[in-house]
C-alpha cells in the first residue's frame, strides 16, 4: 500500500525537482517566480528539495542588515568607546578603596 496523498497534492518526480533547482541556481529568477511558473503551491518546496537532493542555496543565509540592526551596532560601538574611556576611572577606584565606614 503506497503513501496516501490528498487530491490537491502533486507527486513530483526527481528530474522535475532538479530542473527547477537548476533554474533557480542559474540566477535571474526567484523561488517565488518559479513557484508561480510551475504552479507549485507549497512555498518551501524548492528549499526542501534542495536540502533533500544535496544542493546548497547560495542566496540563503545572506545577511543584509536592516536599519534597526545598524543603529543597534552603532550604539554598541558608542557604549564600547564610553566603557573604554571610563576604564581608567574604574582602575583609580580599585587603587583607592572606599573607607569601610561608607560600605553597607
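In region 36-50, the residues that are more than 16 Å from residue 18 (Cα to Cα) and assigned by TED's automatic domain parsing to the domain that holds residue 23 reach residues that are surrounded by 13 or more Cβ atoms within 10 Å (Cβ to Cβ) and modelled with pLDDT of 95 or more with C-beta atoms within less than 7 angstrom, at least six apart or across chains, in these pairs: 43/35.
Residue-level analysis places residue 10 outside the set of residues that are surrounded by 10 or more Cβ atoms within 10 Å (Cβ to Cβ) and at pLDDT 70 or above.
The values are calculated or read from the model by the stated rules, or taken from the named source; none is laboratory data. Owing to the predicted nature of the structure, the values given are computational and were not obtained by experimental measurement. Neighbour counts are summed over all protein chains in view; Cβ atoms, including those assigned to glycine, are modelled from backbone coordinates with ideal geometry.
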